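Only one structure is covered here, and it is reproduced in the block below.
The values are calculated or read from the model by the stated rules, or taken from the named source; none is laboratory data. The model shown is predicted, which means the values in this text are computed figures rather than measured ones. Methodologically, a virtual Cβ is constructed for each residue, glycine included, from the backbone with ideal geometry; neighbour enumeration extends over all protein chains shown.
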């Protein structure tokens with residue numbers, strides 16, 4: 001067969017057929033992209049904080065079944081929509097008809113009442129002193145103390161416009177204030193005196209007796225970057241450890257035992273870090289090897305133990321809690337996973353140091369340890385965890401919280417009966433009774 005003659009004979013039909021096929025393919029692709037309903041290509045069960053592991057999340061046996069009254073549309077009565085910054089009545093426990101939710105006043109393993117105790121425009125952490133709560137009120141630009149009966153008083157008549165961050169001393173009598181223009185001051189609420197700190201100072205932490213302050217100097221000069229300790233009256237400053245270019249790897253956190261001032265985190269592999277405790281006098285303290293990255297920690301009340309969270313591939317890069325011995329002679333011993341997926345900054349120790357109370361996301365998307373914003377809309381419950389056995393007990397689901405509510409800066413009263421925490425997404429400080 002003459003190929004040239006065949007081609008000439010069928011040239012036009014081939015071109016027409018090819019054109020029709022091409023147009024049909026383009027139409028199909030456009031439909032696929034813009035009009036086809038979305039389908040889930042891979043179905044995966046939701047991640048939970050290791051509910052299937054020993055010592056995992058288990059409901060409290062003291063709790064009772066939770067019921068919520070629904071309206072005719074099947075929606076919970078009394079839950080208000082998110083309209084921006086919440087106000088004090090954004091957490092109703094009773095609807096307009098007087099119907100009462102099955103909400104407990106005390107955390108017993110179900111829906112539990114939480115009470116806003118300060119204006120919601122405050123984004124600063126609180127300090128609990130005895131039976132009172134101290135906080136910075138951004139509206140008044142002053143520091144306020146609220147008593148257990150609800151009465152308030154000013155801690156000082158001095159105003160502090162636009163205070164961006166507040167770090168409290170252990171006894172609540174002093175605070176470091178950081179301002180948007182870079183200025184930092186120590187303010188003493190007893191003497192009403194203030195001390196100016198260098199603009200390059202950051203990462204503040206008070207000593208256990210509240211008489212000293214540790215911080216990092218972060219400058220553009222390699223030789224001027226030090227871990228410093230200053231007396232809170234500004235009379236004495238000591239440079240304890242040269243940081244050089246490693247300042248971002250140092251977390252300043254003065255231990256209650258007075259043995260550790262900061263932690264230097266050094267990466268070893270993709271899934272391990274080595275943590276070097278830094279003392280006041282360049283002591284050679286034993287290090288801690290952790291099975292993950294993203295290290296953050298909380299001391300117990302004596303400094304004997306350290307609660308920390310890290311992420312790794314085995315946890316889908318979500319943070320998991322661990323507990324370890326942390327004195328200068330026991331650092332890293334009894335390093336035990338608690339099988340709870342949350343961050344250490346969402347936890348606090350009970351007064352007897354036998355348990356930790358944590359805000360735990362109901363489920364974490366893969367990679368939330370790397371990108372916390374992935375968990376921005378995930379609701380949180382509260383759990384109590386025995387640090388010796390790893391046994392966790394469901395305490396409460398906070399009632400009528402606004403969407404996006406995120407608990408942080410958890411603090412317990414001296415008797416352990418009252419939990420105070422801040423909403424880091426919208427501001428405001430709340431309390432919940434544990435007994």
Checking 289, 327 in turn, the sole residue that is assigned by TED's automatic domain parsing to the domain that holds residue 267 and either without any contact (Cβ under 8 Å) to a residue 12 or more places away in the chain or over 27 Å from residue 365 (Cα atoms) (or both) turns out to be 327
From the list 278, 321, which one is assigned by TED's automatic domain parsing to the domain that holds residue 381 and under 13 Å from residue 259 (Cβ atoms)? 278
Would you tally the residues in region 414-435 being surrounded by fewer than 19 Cβ atoms within 10 Å (Cβ to Cβ), in contact (Cβ under 8 Å) with a residue 60 or more places away in the chain and not in a strand (DSSP E or B)? 6
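Can you tell me how many residues in region 340-370 are free of Cβ contacts under 8 Å to residues at least 40 places away in the same chain and outside any strand (DSSP E or B)?
1
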Counting only residues that are in a loop (DSSP other than H, G, I, E, B) and loosely packed, with under 13 Cβ neighbours inside 10 Å, which one in region 254-282 is nearest to the chain's Cα centre (by Cα)? 270
Among what's in region 176-207 and is within 23 Å of the chain's Cα centre (by Cα) and not in a strand (DSSP E or B), pick the residue that is modelled with the highest pLDDT. 207
It is to be established whether one or more residues within region 371-379 are assigned to a loop (DSSP other than H, G, I, E, B), surrounded by 20 or more Cβ atoms within 10 Å (Cβ to Cβ) and either touching a strand residue (DSSP E or B) at 6+ places or on another chain (Cβ under 7 Å) or in the same structural domain as residue 296 (by TED's automatic domain parsing) (or both). no
Hey, any hits in region 352-361 for a residue that's surrounded by fewer than 22 Cβ atoms within 10 Å (Cβ to Cβ), in contact with a helix residue (DSSP H, G or I) (Cβ under 7 Å, 6 or more places away or on another chain) and within 26 Å of residue 164 (Cβ to Cβ)? no
Within region 96-106, does at least one residue satisfy the condition of being at pLDDT 90 or above, assigned to a strand (DSSP E or B) and either under 21 Å from the mean Cα position of the chain (by Cα) or within 30 Å of residue 351 (Cα to Cα) (or both)? yes
Which number in (1) modelled with pLDDT under 95; (2) surrounded by 20 or more Cβ atoms within 10 Å (Cβ to Cβ); (3) within 19 Å of the chain's Cα centre (by Cα) marks the one condition that residue 316 misses? (2)
May I ask you to say which residue of 248, 192, 199 is more than 30 Å from residue 312 (Cβ to Cβ), in the same structural domain as residue 125 (by TED's automatic domain parsing) and out of contact with any strand residue (DSSP E or B) (no Cβ under 8 Å at 6 or more places or on another chain)? 192
